[in-house]
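Peer 1: If you scroll down you'll find the structure; I have some questions about it.
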Amino acid sequence: MEVTPLFRAINLTVAEEQRDNYLAVGQRNLLTSIQNEPGTLAMYMGHVDAAGLDNWVVEIYRGQSSYEAHAKSPQFAAFRAVAKDAVTDQMVLELTPVLLAEQPTPLRLADGHDQFVQLTTLTLQPDQSAAYQQLVLATLQPAVANEPGLLALNVGRSTADARQWNVVEIYQDTAAYERHCQTPAFQQYQRESQAMIQTAQATVLVGDTLVNQGNLAYQNRG
């Protein structure tokens with residue numbers, strides 16, 4: 001890519017009485033955007049709790065201009081109109097992408113699928129960001145090519161604090177995730193990252209709508 005993709009994760013709290021409206025308009029937003037906007041590379045919407053009030057949206061755009069085009073779209077305007085009443089709180093994590101990888105086949109999943117989706121938030125030890133980045137690229141980057149059940153793997157560091165990292169993983173199912181955990185490359189990542197990571201919190205999401213253009217392959221070695 002000629003420009004660095006725009007990568008961010010958004011944590012949304014949704015009012016219970018507006019949950020169905022939020023889901024419906026969010027699904028339309030994601031499905032329409034991935035179909036009509038070449039610069040919208042991936043959009044993942046999922047929830048944490050059984051009631052579906054704690055939600056995450058992960059977005060990847062080709063660049064700032066692609067995000068601005070999406071922000072002007074009618075489907076996003078419809079989502080924003082519902083969100084102003086449905087969303088009671090939100091937190092946006094702006095991320096510098098380090099590794100963005102997908103299977104070649106585009107993802108178009110909505111409602112009732114069995115994908116395993118996990119978002120992990122990491123705080124690194126001081127002065128470990130460069131070493132951790134090298135480890136990610138060495139051990140996790142080959143995973144998508146070698147594991148058909150790993151549908152997407154996105155790793156980024158906070159634009160505000162290089163010690164804060166987020167990892168977003170989407171697997172075909174729980175069995176694919178468990179196979180990934182047994183690979184020599186992941187076990188190497190686990191061993192070598194232990195001394196680099198101060199805290200780690202893994203959150204499993206129920207994927208409500210998961211879409212991407214497919215075949216994304218980006219590495220940031222800077």
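The values are calculated or read from the model by the stated rules, or taken from the named source; none is laboratory data. None of the values given here were measured: they were computed from a predicted structure. Every residue, glycine among them, receives a Cβ derived from its backbone with ideal geometry; neighbour counts consider all protein chains shown. SASA here: full protein model, heavy atoms, side chains in, ligands and nucleic acids out. Shrake-Rupley method; radii C 1.70, N 1.55, O 1.52, S 1.80 Å.
Peer 1: Any residue that is in contact with a Phe, Trp or Tyr (Cβ under 7 Å, 6 or more places away or on another chain), surrounded by 15 or more Cβ atoms within 10 Å (Cβ to Cβ) and part of a strand (DSSP E or B) - is there at least one of those in region 121-135?
Peer 2: Yes, region 121-135 contains at least one residue that is in contact with a Phe, Trp or Tyr (Cβ under 7 Å, 6 or more places away or on another chain), surrounded by 15 or more Cβ atoms within 10 Å (Cβ to Cβ) and part of a strand (DSSP E or B).
Peer 1: Would you point out the residue of region 94-108, among those that are touching a helix residue (DSSP H, G or I) at 6+ places or on another chain (Cβ under 9 Å) and surrounded by fewer than 19 Cβ atoms within 10 Å (Cβ to Cβ), that is farthest from L150 (Cα to Cα)?
Peer 2: Selected residue: R108.
Peer 1: On to the next question. Taking only region 145-171 into account, find how many residues are surrounded by fewer than 18 Cβ atoms within 10 Å (Cβ to Cβ), more than 25 Å from M196 (Cα to Cα) and of a type outside the set (G, A, S).
Peer 2: Going through region 145-171 one residue at a time, the tally reaches 2.
To keep it simple, each residue is scored yes or no on (1) of a type outside the set (S, T, N, Q); (2) touching a helix residue (DSSP H, G or I) at 6+ places or on another chain (Cβ under 7 Å).
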{"site": "L135", "(1), (2)": "yes, yes"}
{"site": "A143", "(1), (2)": "yes, yes"}
{"site": "L150", "(1), (2)": "yes, yes"}
{"site": "N154", "(1), (2)": "no, no"}
{"site": "A162", "(1), (2)": "yes, yes"}
{"site": "E169", "(1), (2)": "yes, no"}
{"site": "T174", "(1), (2)": "no, no"}
{"site": "A195", "(1), (2)": "yes, no"}
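Peer 1: Scan region 64-93 residue by residue and report those that are part of a helix (DSSP H, G or I), open to solvent by less than 90 Å² (accessible area, probe 1.4 Å) and either among the aliphatic types (A, V, I, L, M) or over 16 Å from T40 (Cβ atoms) (or both).
Peer 2: Across region 64-93, the qualifying residues are A69, A71, A77, A78, A81, V82, A83, A86.
Peer 1: Now for a different question. From the list E169, E178, which one is under 12 Å from the mean Cα position of the chain (by Cα) and among the acidic types (D, E)?
Peer 2: Criteria check complete, one pass: E169.
Peer 1: Residues in region 172-179: is at least one closer than 30 Å to V3 by Cβ and not β-branched (V, I, T)?
Peer 2: Checked against the condition, which is being closer than 30 Å to V3 by Cβ and not β-branched (V, I, T), region 172-179 yields no hits at all.
Peer 1: Just checking, how many residues over region 169-210 are in contact with a Ser or Thr (Cβ under 8 Å, 6 or more places away or on another chain) and part of a strand (DSSP E or B)?
Peer 2: Total meeting the criteria: 8.
Yes or no, residue by residue, for (1) free of Cβ contacts under 8 Å to residues at least 12 places away in the same chain; (2) of a type in the set (S, T, N, Q); (3) under 16 Å from V57 (Cα atoms):
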residue	(1), (2), (3)
Q115	no, yes, yes
Q118	no, yes, yes
L135	no, no, no
L140	no, no, no
A143	no, no, no
G156	no, no, yes
A175	no, no, no
A200	no, no, no
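Peer 1: Taking N11 as meeting all but one of (1) assigned to a strand (DSSP E or B); (2) touching an Asp or Glu at 6+ places or on another chain (Cβ under 8 Å); (3) surrounded by 18 or more Cβ atoms within 10 Å (Cβ to Cβ), write down the number of the exception.
Peer 2: Condition (3) is where N11 drops out.
Peer 1: Every residue in region 53-73 that is under 14 Å from the mean Cα position of the chain (by Cα) and within 30 Å of E17 (Cβ to Cβ), please.
Peer 2: Matches in region 53-73: N55, W56, V57, V58, E59.
Peer 1: Let me ask you something else. Which of the residues spanning region 94-115 are under 20 Å from L210 (Cα atoms) and either among the aromatic types (F, W, Y) or in contact with a Phe, Trp or Tyr (Cβ under 9 Å, 6 or more places away or on another chain) (or both)?
Peer 2: Once the filter is applied, which keeps residues that are under 20 Å from L210 (Cα atoms) and either among the aromatic types (F, W, Y) or in contact with a Phe, Trp or Tyr (Cβ under 9 Å, 6 or more places away or on another chain) (or both), region 94-115 yields E94, L95, P97, L99, L100, A101, L107, Q115.
Peer 1: Condition first: surrounded by fewer than 19 Cβ atoms within 10 Å (Cβ to Cβ) and closer than 20 Å to D89 by Cα. Now tell me which residues in region 26-43 satisfy that.
Peer 2: Q27
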